[in-house]
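Everything below concerns the one structure shown next.
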Amino acid sequence: MICGSVLAIMSLVYTLSDAESTAIKGWTNNHLLEVNEFQNQMQGFLKSRIPALKLPDTAEKWEKESNELREKILDKVVYQGVPKEWYKDDPNVVWGDTIKTDKGYSIRKLRYEALPGLWIPALLYVPSEIKGKIPAILNVNGHVGAPGKTQDYEQVRCINLAKRGILAIHPEWLVFGELGNDDLKHNRLAYLDLCGTCGLSVFYLAMKRGIDVLLMHPSTDPKRVAMTGLSGGGWQTIILSSLDTRITATAPNAGYIGLNYRADFIEDCGDLEQNPNDLLTIGDYPHLTAMLAPRPTLLLYNEKDDCCFQTHRARPSVYEPVIPFFKLFGKDDIFSLHNNVDPGTHNYAKDNREQFYKFINKYFLKDQKVIDEEIPSDDEIMKYDDLIVGIPENNATFYTLAKDIMKDFTENKPPQSGLSEWQKKGRTTLKEIIRMKPMTAKAQKISEETNGNLNSWNYKVTVNNELTLPATAIFSSVNANSVVLMFADKGRVSLAEHVQAEIEKGSTVIIIDPMFMGESITVKGGPSQYAMMISATGERTLGLQVGQIGAIVDLICQEVGCQKISLYGVGWNSSIIALMVGALFNDKIESVTVKEHLASLKLLIENHVDYETQPALFCFGLLKQFDVDEIIALCSPIKVNINQ
């Protein structure tokens, strides 16, 4: 990367001139990557990790494989690190008031405990006349804001189902309606992930308990249990329906798509629960869709969807590849996709609702007199206040759940003696947690500049032939006797003053933008959305960042001909990267300096930090094993400088 002549043998007190200081500001602000270069590479990185959907020879083989996939996803993803007491028993249920109507149904208020301390308010629409066992349907909503379960189109659908003689339950979804608490914002499930307890499990149990409640009802026919919902409700529908075979028919609406499209169309990405850690090490959403076979399935997508999941992308992603799986069972006629064009936007309006009624009539009410058209019910929509169920004042949130889990963590402090053995085990564990793999780097010099005694050499550094990072080496021709590798959360552009101080100390400074910093950033959507997709593939953003810097350390040592270099990280993410590289590449690091650092990973939770601001640091299970002090201890014997 840099030839050995960069390092001079003399060491002089050196003060930069005004012109040289100005030059440094310009050099740190240089744009070295092409427009969309990192964006395109990141999309390719993700798509290279998509698991293939393979069609078996027989229906029997697919049934066996589906069951294996369910077990793996539940064990390795949904319930990863989750206490068994969260999910082992039937839910507690508290029944509330009944709203009686003269329209052929009543509404029963209830709340159920999704997991200890987290209560979900719900409404059960009950037909006025019930003879024998009847169908039951779990209705779930997406990101509907303050109305929550009282959203107009949700009420109309549930009312229509009850008028058709069907039990219809509608639970509240996290952070909406009565559950409108900031600490239930979906991406704050990362608090649990950081603690090594899968945050997805909260979403899964919240909807699974809805099916539990329906099956506890004495009138429910267990052979006729369905689920449907729009957007986030569509996502809930595919997740629960694929993993819980008690659901015998399903109709997700605009809630999901395969990673091949999520990588290219960031509007299809969704929140953290839609991109759970490690899901793609087992299967993607096409796999989940195929796992519905041979149960009746209706996919609802919208032609001009103004949110996400437009039909022309969904059809080749999760419909057409799955048709052969239903054909294995001779059941391709029960798997269909409806393309909504009226209004064709993100909706569960009348056309989509009538498609669902027709679907339910066909498979659940085939021996009865039915009506496919919607029964007019708009004048029966109730106000929000009329449908309040009520929840405990101290209802659990992602914040309170994470705080409780942290209380039980055992300290992983370095011992008074036997430090080297503790470090050896700790470094192995740290590599496993951040999923760090061996990486190689190569550099291409693209330009150079000179101002006075200062030189600037610009590079593109490619790691593992996948991602290219911009780097600049700045050094004095009269005073350079050590090498400092420097990076910052805010990118190279923020480092001019830090570079100047190190140059004046006699260092060659190499500034670089690790992934999701400075120029190494996606231009479509935020880094957090790509970070969650990375975690879904089984990688960890933090591990990739640490691996990249480690590979660049190796490259510098080889090119410069020095045994060790120093690290300098500015910002929460960069300081953690620097410390981890110090711990894991200990033999090649002279010292580590961190500024504007994160004193404790616990602050991410205690300060209610949003995942979007620090996605790399919410690394699954990291806090369960290490806090910042333990990572610093892994760096010993190298010197660690902590500066504000």
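The values are calculated or read from the model by the stated rules, or taken from the named source; none is laboratory data. Computed from a predicted structure; not experimentally measured. Note: ideal-geometry Cβ built from the backbone for every residue, glycine included; neighbour counts use all protein chains shown. Remember, those area values only see protein heavy atoms, side chains included, never the ligands or the DNA or RNA. Shrake-Rupley method; radii C 1.70, N 1.55, O 1.52, S 1.80 Å.
Compute the normalised compactness of the range 348-400: alpha-carbon radius of gyration over 2.2 N^0.38 Å, N being the residue count.
This ratio for the range 348-400 stands at 1.81.
Over the range 296-375, what number does the Rg to Rh ratio reach, with both radii from the alpha-carbon atoms and Rh per Kirkwood?
Rg/Rh for the range 296-375 comes to 1.01.
Calculated from DSSP H runs of 4 or more alone, at -39500 (n - 2.57) each and per residue, what is the 222 nm mean residue ellipticity of the chain, nearest 500?
-10000 deg cm²/dmol
Once amide H atoms are placed 1.01 Å from N in the peptide plane, what residues at a sequence separation of 5 or more from Arg164, or on another chain, have their amide H within under 5 Å of its amide H?
none
In square nanometres and to one decimal, what's the mean projected area of the convex hull around the Cα atoms of the range 1-160?
The number I arrive at for the range 1-160 is 23.8 nm².
Which residues does a label at Val94 reach in the range 105-134, if reach means a backbone N under 16 Å from a point 7 Å past the Cα toward the Cβ?
Hits in the range 105-134 for Val94 at 16 Å: 109-123.
What residues qualify as long-range amide H neighbours of Thr220, i.e. H under 5 Å apart, gap of 5 or more or another chain, H built at 1.01 Å from N?
Ile134
So, taking all protein chains as they sit and a 1.4 Å probe, how much accessible area belongs to Asp554, in Å² rounded to tens?
40
Per residue, how large is the accessible surface of the range 142-301? Use a 1.4 angstrom probe and give square angstrom.
Here the per-residue accessible area is 18 Å².
Would you kindly derive the ³J(HN,Hα) couplings of the range 353-367 from the backbone phi angles with the Karplus curve 6.51 cos²θ - 1.76 cosθ + 1.60 (θ = phi - 60°), listing them in order in whole Hz, with x for Gly and Pro?
5, 5, 4, 5, 4, 4, 4, 5, 4, 5, 9, 10, 10, 5, 9
What are the residues whose amide H is under 5 Å from the amide H of Tyr105, where those residues sit 5 or more places off or on another chain and H is modelled from the backbone?
Ser128
Output wanted: per-residue J couplings in Hz (rounded whole) for the range 587-600, from phi through Karplus 6.51 cos²θ - 1.76 cosθ + 1.60, θ = phi - 60°, x for Gly and Pro.
These are the phi-based 3J(HN,Hα) values: 6, 10, 10, 7, 7, 10, 10, 10, 10, 6, 7, 8, 5, 8 Hz.
Based on alpha-carbon centroids, what's the gap between the range 292-333 and the range 31-75 in Å, whole number please?
Between the Cα centres of the range 292-333 and the range 31-75 lies a distance of 17 Å.
Based on the Kirkwood radius over alpha-carbon pairs, what value in µm²/s does the Stokes-Einstein equation return for the translational diffusion coefficient of the range 171-253 at 37 °C and 0.692 mPa s?
239
If I fit a long axis through the Cα atoms of helix 59-73 and take the longest principal axis of the Cα atoms of the chain, what angle between them do I get, 0 to 90°, rounded to 10?
60
Rounded to the nearest 5, what % of DSSP beta bridges with both residues in the chain are antiparallel?
In the chain, approximately 50 percent of DSSP beta bridges are antiparallel ones.
Exactly which GluC sites (Glu not before Pro) in the range 89-180 are in a DSSP loop and have at most 14 other Cβ atoms within 10 Å?
Those satisfying the criteria are Glu129.
With equal scatterers on the alpha carbons only and no solvent term, can you work out the Debye log10 of I(q)/I(0) for the range 213-274 at 0.15, 0.22, 0.27 1/Å?
Log-scaled intensity ratios, in q order: -0.52, -0.87, -1.10.
Just the accessible area for His287, please: 1.4 Å probe, Å², rounded to the nearest 10?
10
In 5 Å bins starting at zero, report the fraction of Cα pairs in the range 492-644 per bin as a rounded %.
So the P(r) values, bin by bin, are 2, 9, 18, 22, 21, 16, 8, 4, 1, 0.
Computed from the coordinates I sent, percent of Cα pairs over 47 Å apart equals one of [x] 33; [y] 15; [z] 26. Tell me the label.
Checked against the structure: label [z].
Just to check I understand the Karplus step: with θ = phi - 60° and J = 6.51 cos²θ - 1.76 cosθ + 1.60, what whole-Hz values come out for the range 216-228, glycine and proline as x?
Values per residue, Gly and Pro as x: 7, 6, x, 9, 6, 8, x, 8, 10, 10, 10, 8, 7 Hz.
Note down the accessible area of Ile632, probe 1.4 Å, to the nearest 10 Å².
Here the residue's solvent-accessible area equals roughly 50 Å².
With a cap of 11 neighbouring Cβ atoms within 10 Å, and only residues DSSP puts in a loop, list the trypsin sites (Lys or Arg not before Pro) found in the range 331-374.
Filter output for the range 331-374: Lys366, Lys369.
Largest first, what is the accessible-area ranking of Ser241, Ser21, Ser417 with a 1.4 Å probe?
Ser417, Ser21, Ser241
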